[in-house]
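**Q** Before I ask anything, let me first share the structure, which is written out below as structure tokens.
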Amino acid sequence: MTPILELDDVRKHYSVGGGFARRGASVRAVDGVSLRLERGETLGLVGESGCGKSTLARTLVLLEKPDSGEVRFDGRPVSVTDAATLRRGVQIVFQDPYTSLPPHMKVRRIIAEPLMIHRIASGAELRARVDGLIADVGLPAAVADKLPGQLSGGQRQRVSIARALALEPSLLIADESVSALDVSVQAQILNLLNGLRERHGLTLLFVSHDIGVVTYVSQRIAVMYLGKIVEMGPAADVYGQPMHPYTRALMAAVPSLERRGRERIVVRGDPPDPKHPPPGCAFHPRCPMAQDLCRAESPPVLEWLPGRHVACHFALGGESYGRSTE
Amino acid sequence: MLLYIVRRTAQMLVVVLCVVTLVFLLLRLAAGDPARLMNAPDAPDDVVEATRVRLGLDEPIYVQYLYFLRDLFGGDLGQSFQGGYSVAQVVFAALPNTAMLAAVTVLVSTLVALALGIGAALTRGSWLDRAVQVYVAFAQSIPSFWLAVVLVLIFAVQLGWLPAVDFTGPTSFVLPVTTMAVALTPILIRTIRQSFIETLEQDYIRAARARGIAQRKVLLVHTLKVASLPLVTLIGLQSGMILAGSYVVENIFNWPGIGKLAVDALTSRNFPMVQGAVLVAAVAFVLVNFVVDLLYTTLDPRIRLRRAS
Amino acid sequence: MLRRKAAIVGLGGIGLLVFVAVTAPWIAPYEPAAQDLANVLAPPVWDGGDWAYPLGTDALGRDVLSRMIYGARSSVLISACAMLIGATLGLVTGLIAGFFGGLADTLIMRLGDVQLALPFILIAIVILGMMTERSPVHLIVVLGIPAWIVYARVVRARTLAEREQDYVRAAETIGARPLRRMLRYVLPQVRSVMPAIALIDLSHLVVMESTLSFLGFGLTSPHVSWGQILADGRQNMVVSPWLPVLPGVAIMLTVLCINLAVEGMRAQVEPRRRWWSTRWRRLGPRETQPGASALSATSAGPATASTPSAVSVPGDVLLDVRGLCVEFPAADGRVVQAVRGVSFTVGRGKILGIVGESGSGKSVTSYALLRLLSAPGRVSAGSAVFDGVDLLGVPERSMRRIRGRRIGMIFQNPVGSLNPVLTVGYQMVEAIRTHRDIDRRTAVEISDRVFRDVGFADPAHVMKQYPFRLSGGQNQRVMIAMTMAIEPELLLADEPTTALDVTTQAQVLDQLRRVRDEHGTSIVIISHDIGLIGEISDDVVVMYAGEVCESGPTEQVLREPRHPYTQALLESVPRPETGVTSLLRSIPGELPDPAQESTGCPFAPRCTSAMDVCRTHRPQPLTVSPAWTAACHLYTEERTEATRR
């Protein structure tokens, strides 16, 4: 079976600044990402702000056009597939429930819009389908005639999900979809997404900065740092035994009761300026185990263990791949 | 930063050129044949023709335009139709009077607006705030020309306290400046009040208070420095209005400035003079905005640093 | 209310004016140009004139009332048409420029820049001045077209902002084409700005039209304009002063009505406030506040068994908060109880964590302690004793010496906590010198040291920066450095790491821990993240809907939570260990509306173990073990037993 989504060395750079002084300075938001999503799985994409995970998500729903590389949906390159087909296949739920719904439209209309645009249903059928969607995401029928401003954050996010589901997509992207919610409501939405995935056989790309949430919902996770995927593998394995020092740092940084009083590995400094990424491995200035090789050469993504892809010269701790260090 | 000034100067020169061209075209196209206008209405055709040749008006329009630019570059704005004065001399004699009137108006208005605006912002909802709001509502409703007439009626004609017309000394400033300040202050007060209120709500003001910084310092350094920034831009934007205001005020108070010059020249269809007056006023306007922009850039580090890079 | 009345008066005035303008030919007693040379400069009726000419006549014996009515007609016609032209042009160009950007935007906005760089009023005067005949059409065109830029700029700015909103992006992802996105999604949001600008523009146009007429460049005969009447009247000002006054009053009233309507349309209602008034009106103990009644400032004597302080040796307690209530009078007259009888103590050298979701009142509590609540919020009951000082009672002057010096505070938004137009160094030195009597140079030396302490390699460089040039993490470290330089006894940290990335958050937490370990500073750390609180704090206070559910030593409370909310909160945090197969414990329902008063336990509607009593009676804090309390009816029995023992 073909994977539902394949990314092959996708790149997206933004030029910034402009003017005379720094022409050509660019942010490498997505810098050569390759991955594949199998039908029905949930892939978690995790990274800190500015790592390019949202840009990547937007590329997949055609909000951004990649500069190079190929995206294949259902085995067909996106560049040759027509937009309507893709939009019906891939939908996204955004982060901020307060800005992602048009404030002047009633909920019924918001959910009906995709069906109207694609001329899927009208009249009584449209009404019935919208009611069905509202029920599907666990909202009371009465919200249909309310404006987004009258709903709580959690309810709004459910409306967003209903709108995304209206086109019956096979791939749903959740771009930080629970980050703006309170913990108690966040849990509701996470459970809803999991339920919908099972009921509708959805494939889920779950983008978040919260490694706890990502690991909880995903079968596989991919960790991004400065536009690149640095580690990817089954969620339990990556969580249980992270191989990239950045993944280790990311997990060590999550505060928890269990970690009380224990010494932790804290990475120094801030993430580097994406306009001027450091040479070699982008993580080397903050990495506790950086060597000369890391400062000189960017490590390739290699499958160090079965199913475990890591971009680190020293993923197994000792010898670098294919060469030795002095 | 230097780069920005250079770029901004270039922009300004382009705008000035636009103004010059526009004024030239406007007068040539709309006003008709200057040679005929310069002579008496019943002057014979050969006299008119002679004038036309003397002034180079028989050349194609783009050649005339180039002559016009050349003269302009040399500081020559042509000759008045009436009396044959050099337009440049008359205009530059009038300019300081207008500039002085405008400067005093801006100064007075800014001080008044700062006091009232900050006072109102700090005592939101109090009698002072309400009084200021009522003043703003009325002041922005009063047409300048009417206020000027009424002021003259009361203070010069009825009470005889202040001079009504002409420049006779410092007291001559009172009525014209009052008229213009009443027109200018409402928008300044509103802006200051609003921006002060908004700034006071900012996290960093709360944080400064949490740090125990004295209230006076929070207001005068932390708040004022941010809250007064819009005022600078606003004064630049309002300089057009001040200029228009001076047209009205100078005519009513017989103030020998550019505005009076322009209106008199327009009424007597003395087009070279109109051209000169409008040109000088327009260039002054562009210059003021240029200075304001630079000022703003130096005052606000956020913009300064963005433009520097 | 006053505003609404003003708006009605304004709109009524505009309506009347429009009526007069439309019906001018029928209601005016004379033709505007009809002369009665036998009755020249007749006075108005109140000045001895007769009713044939109610407002008198002018120098040519024309009826002033009729001329005023026709003047209104010109004024309305010209201003309204000019406004419509400007507004239409502006809306269309602004929308296109903002939505499509690129070349269209550049062209449109550059054109606007050039126009704004020209003193357009002068050009208008010149254009009109050179015409010999001027009809309303001429004025409409000359006045209307230049106004487009005002609308275009505002519409463009709004469109740009809306275009970047996620709801427009979402419309794109569901397949809405650009035109649909622009007209169906962006336009309804943008057009709301139009009426206010249009009305302001209208008032400018009324004044402009009459000014031009006054200067002699407006309408020419036979058209009548208020400005013209005024200019004519000015010639005979001394003989008949009413002549110039009447049209002026008409113009003024027109503009005033328009401005009143604009004011009425401004949606925000500004509450009455003085920003510095931080003297707390302390209301009497509220009957409805259980726990608050016994806890007013004076009755601090024998501590009630329900507060953790009962077991603390008083000397160890740095801050003792009891029965704190904060309320926010809302615009509609209701009063929102944000904090309802919160009590806790902070021991010297201890870290207290306050955890809760949004609306739990945890941040409000910290602001209340420093008396930094934004108006109209106020403390309505309770006390807060800090090292023997009643924080809520001391005069503002003494409070200023406590803020910063003895109690420091760091906020959620680190970039926003520093003034953007002052350098980091200025603000650092200012803060140090406010509290320590030292010279600038020493202050700089101290800054240098503390900046190094929080991990800046080049303090001199940081000092020269403006806050927005530093990252969020760096700003928060500056805030911590400031605290270290002043060495307060207590630090309130309100969501200090929420705006930061995890790895940066870890650094900031370590810094906070060092402040405590090395300087002995007590810390109150407020967060929504129960994991963070669990890791860093010695004691924890769990808040829900403005009340304390549970409080006690962190280790015990979070390992064996007693209150159903604490339990649910801990279980709704995803734990990767459990994996996707298990259903995450979620709390049903939504967070409560703080304006909703309830007599029972605020958590009852969402609580899985709620009993009848929970919906009717508010639970009292009950002692689980010394220093550990939970406010839940489930433990009523246990409490009884404990007391018996």
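Only the coordinates and a few stated rules stand behind these numbers; no lab work does. Since the model is a prediction, treat every value here as computed from it, not as a measurement. No Cβ is skipped: glycine too gets one built from the backbone with ideal geometry, and neighbour counts run over all protein chains shown.
**Q** Which of the peptides A:146-152, C:351-357, C:466-472, B:187-193 is most tightly packed, and how do the rest follow, going by the mean number of other Cβ atoms within 10 Å of each residue? Walk me through the numbers before you get to the answer.
**A** Working: A:146-152: 16.0, C:351-357: 26.4, C:466-472: 19.3, B:187-193: 22.6.
Result, highest mean Cβ count within 10 Å first: C:351-357, B:187-193, C:466-472, A:146-152.
**Q** With contacts defined as alpha carbon pairs under 8 Å and 6 or more residues apart, what's the relative contact order of chain A in percent?
**A** Values: 589 pairs, mean separation 63.4, N = 326.
About 19 percent, as a whole number.
**Q** Tell me what chain B gives for mean residue ellipticity at 222 nm when only DSSP H runs of n ≥ 4 count, each as -39,500 (n - 2.57), the sum divided by the residue total, rounded to 500 deg cm²/dmol. It would help to have the intermediate numbers written out before the result.
**A** Working: 14 runs with 225 residues, N = 309.
Value at 222 nm, helices only, nearest 500: -24000 deg cm²/dmol.
**Q** What FRET efficiency would be calculated for the residue pair B:PHE138, B:TYR85, taking the C-beta separation as r and a Förster radius of 45 Å, to the nearest 0.05? Write out the running numbers ahead of the final one.
**A** Values: r = 43 Å, r/R0 = 0.95.
So, using R0 = 45 Å, E works out to roughly 0.55.
**Q** Where the convex hull is taken over the Cα atoms of segment B:70-194, what is its projected area averaged over directions, in nm²?
**A** Numbers: hull surface 44.5 nm².
Mean orientational projected area (segment B:70-194, Cα hull): 11.1 nm².
**Q** What's the percent breakdown of Cα-Cα distances in segment C:318-475 across 5 Å bins, shortest bin first?
**A** Computed distribution, short to long bins: 2, 8, 14, 17, 16, 15, 14, 10, 4, 1, 0.
**Q** Ok, one more. Only bridges with both residues in chain A count here: give the DSSP antiparallel percent, nearest 5. Don't jump to the answer; show the numbers that get you there.
**A** Values: 28 of 46 bridges.
Around 60 percent antiparallel, to the nearest 5.
**Q** Next question. Run through the DSSP bridge list for chain C and note the antiparallel percent, rounded to the nearest 5.
**A** Working: 32 of 51 bridges.
Of those bridges, close to 65 percent are antiparallel.
**Q** Something else: Count the net charge of all other residues whose Cβ sits under 15 Å from the Cβ of C:ALA87, scoring Lys and Arg as +1 and Asp and Glu as -1.
**A** +3
**Q** I've got another one for you. Based on Cα positions only, what radius of gyration and what Dmax would you give for segment B:87-308, in angstroms?
**A** 20.1, 67
**Q** Using a 10 Å cut-off around each Cβ of peptide C:410-418, what is the average number of partner chain Cβ atoms that fall inside? It would help to have the intermediate numbers written out before the result.
**A** Details: counts 2, 5, 1, 4, 2, 2, 6, 9, 4.
Partner-chain Cβ atoms within 10 Å, mean over residues of C:410-418: 4.
**Q** Another one. For peptide C:584-593, how many partner chain Cβ atoms fall within 10 Å of a residue's Cβ, on average?
**A** Working: counts 10, 3, 11, 6, 2, 5, 9, 6, 0, 1.
Average neighbour count from other chains, rounded to a whole number: 5.
**Q** Which of B:LYS217/C:LYS464; A:LYS275/C:LYS464; A:LYS228/A:LYS275; A:LYS65/A:LYS106; A:LYS53/A:LYS275; A:LYS65/A:LYS228 have a Cα-Cα distance over 24 Å?
**A** Numbers: B:LYS217/C:LYS464 21 Å; A:LYS275/C:LYS464 22 Å; A:LYS228/A:LYS275 14 Å; A:LYS65/A:LYS106 31 Å; A:LYS53/A:LYS275 16 Å; A:LYS65/A:LYS228 17 Å.
As for pairs spanning more than 24 Å Cα to Cα, those are A:LYS65/A:LYS106.
**Q** What is the antiparallel percent of DSSP beta bridges lying wholly in the protein assembly as shown, to the nearest 5? Each step should come with its number before you reach the end.
**A** On the way: 61 of 98 bridges.
Counting DSSP beta bridges with both partners in the protein assembly as shown, the antiparallel share is about 60 percent.
**Q** Distances over 24 Å make up what percent of all Cα-Cα pairs in segment B:1-134?
**A** On the way: 5165 of 8911 pairs.
Result for the distance tail: 58 percent.
**Q** Projecting each Cα onto the charge dipole of the protein assembly as shown (Lys/Arg +1, Asp/Glu -1 at the beta carbon, about the Cα centre), which of B:GLN64, C:GLY102, A:THR99 comes out farthest on the positive side?
**A** A:THR99
**Q** To the nearest 20 debye, what is the magnitude of the charge dipole of the protein assembly as shown about its Cα centre, counting +1 on the Cβ of each Lys and Arg and -1 on the Cβ of each Asp and Glu?
**A** Working: 125 positive and 112 negative charges, 291 e Å.
That gives the protein assembly as shown a dipole magnitude of about 1400 debye.
**Q** Rg(Cα) of segment C:129-203 divided by 2.2 N^0.38 Å? Mind dumping the intermediate values first?
**A** Numbers: Rg = 17.6 Å, N = 75, 2.2 N^0.38 = 11.3 Å.
Scaled against compact globular proteins, the figure is 1.55.
**Q** A further question on this structure: When Cβ neighbours within 10 Å are restricted to other protein chains, what is their mean count per residue of peptide A:216-222? Let's see the in-between values first.
**A** Working: counts 10, 5, 3, 2, 0, 1, 0.
That average works out to 3.
**Q** Per q in 0.08, 0.10 Å⁻¹, report the Debye log10 I(q)/I(0) for segment C:1-268, using one uniform scatterer on each alpha carbon and no solvent.
**A** The calculated log intensity ratios at q = 0.08, 0.10 Å⁻¹ are -0.42, -0.61.
**Q** Translational D (Stokes-Einstein, µm²/s) of segment A:224-312 at 4 °C and 1.567 mPa s when Rh comes from the Kirkwood sum over C-alpha pairs?
**A** On the way: Rh = 14.0 Å.
It comes out at roughly 93 µm²/s.
**Q** Turning to a different aspect of this structure: Find which of C:HIS519, C:ALA457, C:VAL142 sits farthest along the positive direction of the dipole of the protein assembly as shown, computed with +1 on the beta-carbon of Lys and Arg, -1 on that of Asp and Glu, about the Cα centre.
**A** Checking the options against the dipole of the protein assembly as shown, the answer is C:HIS519.
**Q** Further, regarding this structure: Would you mind getting the Kirkwood hydrodynamic radius of segment C:1-135 from its Cα pairs, rounded to one decimal in Å? All intermediate terms of the calculation are to be shown ahead of the outcome.
**A** Working: mean 1/r = 0.0526 Å⁻¹.
Its Kirkwood hydrodynamic radius stands at 19.0 Å.
**Q** For the pair B:ALA131 and C:SER192, what calculated FRET efficiency results from E = 1/(1 + (r/R0)^6), where r is the Cβ-Cβ distance and R0 = 30 Å, to the nearest 0.05? Intermediate results must be reported in sequence, preceding the final value.
**A** Values: r = 31 Å, r/R0 = 1.03.
With a Förster radius of 30 Å, E is 0.45.
**Q** Sticking with this structure for a sec: Using just the helices of chain A, give the 222 nm mean residue ellipticity in deg cm²/dmol: DSSP H runs with n ≥ 4 each add -39,500 (n - 2.57), and the total is spread over all residues, rounded to 500.
**A** Details: 10 runs with 98 residues, N = 326.
Only helices count here, giving -9000 deg cm²/dmol.
**Q** Here's another thing I want to ask about it. Might you report the magnitude of the Cβ-based charge dipole of chain C about its Cα centre, with Lys and Arg at +1 and Asp and Glu at -1, to the nearest 20 debye?
**A** Working: 63 positive and 59 negative charges, 69 e Å.
Magnitude of the dipole: close to 320 debye.
**Q** Tilt of helix C:502-519 relative to the longest C-alpha principal axis of chain C, in degrees (0 to 90, nearest 10)?
**A** For helix C:502-519, the angle is close to 60 degrees.
**Q** Rg (Å, one decimal) plus Dmax (Å, integer) for the alpha carbons of segment A:5-310?
**A** Considering segment A:5-310 through its Cα atoms, Rg and Dmax are 20.6, 68 Å.
**Q** Please list the equivalent ellipsoid semi-axes of chain C, computed as the square roots of five times the alpha-carbon gyration tensor eigenvalues, in descending order and whole angstrom. Walk me through the numbers before you get to the answer.
**A** Details: eigenvalues 872, 177, 143 Å².
They are 66, 30, 27 Å, listed from largest to smallest.
**Q** Also, I was wondering about something else. Sequence-distant or interchain residues sharing an amide H contact under 5 Å with C:VAL524, placed H: which?
**A** Under 5 Å from the amide H of C:VAL524: C:LEU352, C:LEU491, C:LEU492, C:ALA493.
**Q** Among B:ILE154, A:HIS284, B:PRO230, whose Cα sits farthest toward the positive end of the charge dipole of the protein assembly as shown (+1 at Cβ of Lys/Arg, -1 at Cβ of Asp/Glu, about the Cα centre)?
**A** A:HIS284
**Q** Over all distinct Cα pairs, what is the inverse of the mean 1/r for the protein assembly as shown, reported as the Kirkwood hydrodynamic radius in Å? Don't skip to the answer; put the middle values down first.
**A** Numbers: mean 1/r = 0.0281 Å⁻¹.
Hydrodynamic radius (Kirkwood, Cα pairs) of the protein assembly as shown is 35.5 Å.
**Q** With a 10 Å radius around each residue's Cβ, average the other Cβ atoms per peptide and rank B:103-112, B:254-263, highest first. Before the final figure, lay out the partial values.
**A** Details: B:103-112: 17.5, B:254-263: 24.0.
The densest-packed peptide leads the list: B:254-263, B:103-112.
**Q** Using Cα pairs under 8 angstrom and six or more residues apart, how large is the relative contact order of segment B:87-308, in percent? All intermediate terms of the calculation are to be shown ahead of the outcome.
**A** Values: 241 pairs, mean separation 58.9, N = 222.
Relative contact order comes out at 27 percent.
**Q** Do any chymotrypsin sites (Phe, Trp or Tyr not before Pro) in segment C:97-155 lie in a DSSP loop with no more than 14 other beta carbon atoms within 10 Å, and if so, which?
**A** Working: sites: C:PHE99, C:PHE100, C:PHE120, C:TRP148, C:TYR151; in loops: none.
Passing both the DSSP loop test and the Cβ count: no residue.
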